[in-house]
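Beneath this line is the structure, given in C-alpha cells, with notes to follow.
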Amino acid sequence: MNFYRAFGLVFRSDIPLGSLAANRIAAQQPDVDIRRGTPARPDPGVAVDDMRVEINADSLRLSVPECGWFDVTGGARIIYEARAGIPAEHMPPYLLGTALGALLHQRGLLPLHCNAIVHDGRAYLFCGDSGAGKSTLAAVFEARGYPLLTDDLCAVAVDAEGRFSVTPGIPRLKLWIESLTALGREGAEVTRIPWYEDKFEVAMSRAAEDRRYPVAAIYHLRQAGEDAPPGIHRLQGLEAANAVTANIYRRRIADLLGRAPGYLAESMALIRSVPIFRFNRRWGLENVVEDAAVAEAHLLGVKVTQ
C-alpha cells in the first residue's frame, strides 16, 4: 500500500500516485481509501463532458470512455477499474482529477480550478480556464522563491469563525514542452502525462510546509483585449461571485451532488472576506515573465483582511 498526505487528508492507495510522490508518508489510519475493484456502472447516467455520471445515495459513479470506471463514496473511498487494455499509469490522472474533485465536494470543501502559492504565511490563488497560464505563472513564482501549495486543484475550507484557508495539495505543475523550453527547464525531471505527447508533470522544488494557510487574495486570469486592457483590478459584488463560481472544480458534478446551495453560500462568504481580482493578461509565453512580475508587485501590496 502507498500512503500520502494532501489537502489535509491521509490517502491510502493500492496504486502508486506519482503526482503525490513528494507527499509520501508512513502507514497510518487513512481518511481516504483508493483501491481497485468493480465499481457500479452509471445506468445510464448524466452526460458531463465526455463522461457519464450517476448519483446513488452517497455514491457518485463515473464512466470515462478513455480510462475506466470510478465509484466515489462518502468523501472517504474511491473504487476504480480500468477498461480492457488501459495501462495502470492512465488511472492516477483521473483519480487525482475528477474523482478527487468529487470526493472533496462530498466532504463539503470548496474545490477550485486554480493553483496557489505562499507569501508571508498566506495563500494567493490563481484561477482561470485551461490555457490561461496558471501553471506557467506558478512555475515563474516558484523559481522566484515562492513555495507552491497546489496546482490545478485547490480545496478551500472555511472554519467556524468564517475564515478561509487552504492546505498543500498536489506538489507538481503540468506544463507543455513549449513552457518548459521558454522557462529554461528542459533539463528538469519530468513525467509525460497520458494522452499527451508534449505535456509533462514537473515536481516542484519549493513545496509548502504542511499546514493551513489563510487565503489572502484570489486572482482570476483572463485574456487581455480591446475591452479588457492588461492589468489587475478588484472585482466586487456579482462580478466577484461569478469569478469564484466559474472556477469551481467540476461544478456540474457538484450540482449533481446537491452542493449548489452550499458552494453558492460559501462563495458569497468568500468574496466578503477575501479580495477577488481580475488579472487581464496577454496570452503568449513571451509575456509570462513580465506578467508574473506584475502579479508579484500587486500581491505584495494586497491588504490582508483575514
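Quick note: the coordinates plus some simple rules give every number you see, no bench work behind them. Model, not experiment: these values are computed from the prediction. Every residue, glycine among them, receives a Cβ derived from its backbone with ideal geometry; neighbour counts consider all protein chains shown.
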How high is the FRET efficiency from Arg163 to Arg282, r the C-beta distance, R0 45 Å, rounded to 0.05? 0.85
Mind giving me the nanometre distance, one decimal, between the label points for Glu197 and Ser273, set 7 Å out from Cα along Cα→Cβ? 4.7 nm
Once Lys and Arg are counted +1 and Asp and Glu -1 for all other residues with Cβ under 13 Å from that of Arg35, the total becomes -1
Between Leu235 and residues 5 or more places away or on another chain, the pairs with built amide H atoms under 5 Å apart involve Ile276, Phe277, Arg278
Which residue fluctuates the most in the chain, going by a Gaussian network model with Cα springs under 10 Å, if the choices are Asp129, Asp210, Asp50? Asp50
Rounded to one decimal in nm, the spacing of the 7 Å Cα→Cβ label points at Glu189 and Glu209 is 2.5 nm
Quick one: if you stick a label point 7 Å off each Cα along the C-beta vector at Asn242 and Thr38, how many nm between them? 4.9 nm
Per-selection metrics, the stretch 1-129 (Cα): Rg and Dmax in Å: 15.2, 49
Sort the following peptides by mean Cβ neighbour count (other Cβ atoms within 10 Å, averaged over residues), highest first: 289-295, 74-80. 74-80, 289-295
Mean Cβ-within-10 Å packing, highest first, puts peptides 109-115, 20-26 in the order 109-115, 20-26
Between Ala21 and Asp255, 0.36 nm times their residue separation minus their Cα-Cα distance comes to what? 81.1 nm
Karplus-derived HN-Hα couplings along the stretch 194-200 (A = 6.51, B = -1.76, C = 1.60, θ = phi - 60°), whole Hz, x at Gly and Pro: x, 6, 10, 7, 9, 10, 9
So the compactness index of the stretch 112-299, its C-alpha Rg divided by 2.2 N^0.38 Å, takes the value 1.00
Kirkwood-type radius of the stretch 151-223, with distances r between different C-alpha atoms, in Å: 14.6 Å
Calculate, in nm to one decimal, what Ile55 and Ala224 gain on full extension: separation in residues at 0.36 nm each, minus their alpha carbon distance. 56.9 nm
Stretched fully, the stretch from Ile86 through Glu66 gains (0.36 nm per residue minus C-alpha distance, one decimal, in nm) 6.4 nm
Excluding residues on the same chain fewer than 8 positions from Lys303, give the lysines whose Cα lies under 28 Å from its Cα. Lys134
Which of the peptides 278-285, 157-164, 136-143 is most tightly packed, and how do the rest follow, judged by the mean count of other Cβ atoms within 10 Å per residue? 136-143, 278-285, 157-164
